[in-house]
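Student: Pasting a structure here, questions to come.
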Amino acid sequence: MMQWILLSLMFIFSFIFMNMKHPLAMGLTLLIQTTLICMMSGLMTKTFWFSYILFLVFLGGMLVLFIYVTSLASNEMFTLSIKLMIISLMIFFTSMIILYFLDKTMLLQYSNLEIKSTFNMNSYLMETSLSLNKLYNHPTNLLTILLMNYLLITLIAVVKITKLFKGPLRPMLN
């Protein structure tokens with residue numbers, strides 16, 4: 001059920017993103033979309049480690065985009081379209097009504113939540129420990145160490161390539 005809600009929200013934010021005109025609003029929509037995708041992938045794999053890493057990578061990219069956009073279009077105002085909000089709410093409520101009629105066991109899931117929560121937590125902890133064990137054991141630990149070294153060398157190369165006195169994107173007027 002949670003996956004259906006996240007899927008409908010991802011569809012809505014994709015629709016909103018296509019109708020945005022201001023770059024900062026597009027960046028905010030992209031950040032919300034990234035959060036929803038990370039939540040969806042975490043629910044599908046039962047561990048959120050990959051989702052955390054994916055979110056941090058996208059957040060770093062979004063910070064670069066945010067700095068670039070604010071230096072280019074810093075004083076532009078953006079307004080919210082009422083028509084777009086009404087259409088988005090109608091799509092969301094329609095998907096929730098469809099979910100309610102399709103999922104007859106939704107009420108039963110919430111009534112047995114306490115009984116299932118202890119069993120799910122134990123299986124979740126076992127699943128997490130096994131998946132992290134596979135990441136750092138012998139066959140895959142070499143790949144992990146290679147990726148760490150690659151990221152370190154890339155970081156050092158980027159720091160050495162950048163020019164200290166040519167930093168801002170637009171020149172400052174004195």
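Student: Hey, any idea what Rg/Rh is for region 2-111, computing Rh the Kirkwood way over Cα pairs? Write down the numbers at each step before the final one.
Tutor: Details: Rg = 16.8 Å, Rh = 15.9 Å.
When Rh is taken as the Kirkwood radius, the ratio is 1.05.
Student: Between Leu7 and Thr154, what FRET efficiency comes out of the Förster formula 1/(1 + (r/R0)^6) with R0 = 41 Å and r the beta carbon distance, rounded to 0.05?
Tutor: Values: r = 35 Å, r/R0 = 0.84.
Plugging the Cβ-Cβ distance into 1/(1 + (r/R0)^6) gives 0.75.
Student: Which of Phe58, Phe50 has the fewest other C-beta atoms within 10 Å, and how do the rest follow up to the most?
Tutor: Lowest to highest Cβ neighbour count: Phe50, Phe58.
A short reminder: the numbers here are calculations on the coordinates, not readings from a lab. Because the structure is a prediction, the values reported are computed rather than measured. Neighbour counts are summed over all protein chains in view; Cβ atoms, including those assigned to glycine, are modelled from backbone coordinates with ideal geometry.
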